């Protein structure tokens, strides 16, 4: 007796039908809450946006100096150093 034909498909979950009347439980505001930026249509906020607060990258002080013209010398590798383990 095969049990494969008696299995239920639990991998597929029905999608919420939002905004389809008060009796559905997801009507009127459709799960978005009342008012506010997230409740508006087409609302997309940048990931780094902090709601008008000064962003973290601007709050932290600048440190050091980065010279774009500086080129660090590259030391050549000798062939016999390739076979030796790192020390």
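Note: relative contact order over the chain, using C-alpha pairs below 8 Å and six or more positions apart, is 9 percent. Using just its DSSP H runs of length 4 or more, each adding -39500 (n - 2.57), the chain gives a mean residue ellipticity at 222 nm of -2000 deg cm²/dmol after division by all residues. For the peptides 68-78, 53-63, 24-34, the ranking by packing is 24-34, 53-63, 68-78, with the highest mean count of neighbouring Cβ atoms within 10 Å listed first.
The candidate values are [x] -0.91; [y] -0.97; [z] -0.71; the one derived from this structure for log10 I(q)/I(0) by the Debye sum over Cα atoms at q = 0.16 Å⁻¹ carries the label [y].
No value in this document is a laboratory result; all are computed from the given coordinates. Because the structure is a prediction, the values reported are computed rather than measured. Cβ atoms come from the backbone with ideal geometry, glycine included; neighbour counts cover every protein chain shown.
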